[in-house]
Amino acid sequence: MTKRSPITTHVLDTALGQPAAGVPVRLFVEASSGEWTQLSAGTTNADGRVADLLPSDHDLQPGRYRMHFNTEAYFSAVKIAGFYPYADIVFEIRDTSAHYHIPLLLSPYGYSTYRGS
């Protein structure tokens, strides 16, 4: 089995009923001081995924992480006026041996997320 990034994402445009390709994504980790440090960045592919957000051998640490989705760039590219210019999803990692999949369901006037598999 091929090892994958310990943190992945998938963005779906629920208004258009298709993957959201071309969404810039940045991943941050929170330091004990409360400052956020960027770990990586990527852009969703034609399937709406960023599978290699972190190297498969990344030493994942417990803590708070934040995914920043630049939804404004996506909506601009598909020529839709969106209400939210970005979406930030903050989540906490306790089990560093687990895989964390953070999907984003997106529409021009709303978004939601859940812990995927």
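Results for (1) loosely packed, with under 14 Cβ neighbours inside 10 Å; (2) of a type in the set (K, R); (3) over 18 Å from I7 (Cα atoms); (4) out of contact with any Leu (no Cβ under 7 Å at 6 or more places or on another chain), shown as yes or no for each residue.
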| site | (1), (2), (3), (4) |
| --- | --- |
| T44 | no, no, no, yes |
| Q61 | yes, no, no, yes |
| F83 | yes, no, yes, yes |
| V90 | yes, no, no, yes |
| I93 | no, no, no, no |
| H101 | no, no, no, yes |
| L104 | no, no, no, yes |
| G110 | yes, no, yes, yes |
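Going residue by residue through the range 59-68, is there one that turns out to be touching a residue at least 40 places away in the same chain (Cβ under 8 Å), over 16 Å from A15 (Cβ atoms) and touching a Lys or Arg at 6+ places or on another chain (Cβ under 9 Å)? Looking through the range 59-68, at least one residue is touching a residue at least 40 places away in the same chain (Cβ under 8 Å), over 16 Å from A15 (Cβ atoms) and touching a Lys or Arg at 6+ places or on another chain (Cβ under 9 Å).
In the range 1-41, the qualifying residues are those that are of a type in the set (A, V, I, L, M, F, W, C), surrounded by fewer than 19 Cβ atoms within 10 Å (Cβ to Cβ) and in contact with a Ser or Thr (Cβ under 7 Å, 6 or more places away or on another chain), and the one that is nearest to Y65 (Cα to Cα) is V29. Restricting attention to the range 85-99, the residues that are within 17 Å of G48 (Cβ to Cβ) and either at pLDDT below 95 or in a loop (DSSP other than H, G, I, E, B) (or both) total 1. Between T113, T96, the distinction of being under 11 Å from the mean Cα position of the chain (by Cα) and polar (S, T, N, Q) belongs to T113 only.
If you check S56, S76 for being polar (S, T, N, Q) and touching a Lys or Arg at 6+ places or on another chain (Cβ under 9 Å), only one passes: S56.
A quick yes/no check of all residues on (1) in contact with a Pro (Cβ under 9 Å, 6 or more places away or on another chain); (2) charged (D, E, K, R); (3) free of Cβ contacts under 8 Å to residues at least 60 places away in the same chain:
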site	(1), (2), (3)
D13	yes, yes, no
S40	yes, no, yes
A51	no, no, yes
N70	yes, no, yes
G82	yes, no, yes
Y86	no, no, yes
R94	yes, yes, yes
H99	yes, no, no
S107	no, no, no
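The values are calculated or read from the model by the stated rules, or taken from the named source; none is laboratory data. Small disclaimer: the values here were computed from a predicted structure and weren't measured. With ideal geometry, Cβ positions are generated from the backbone for all residues, glycine too; neighbour counts draw on all protein chains shown.
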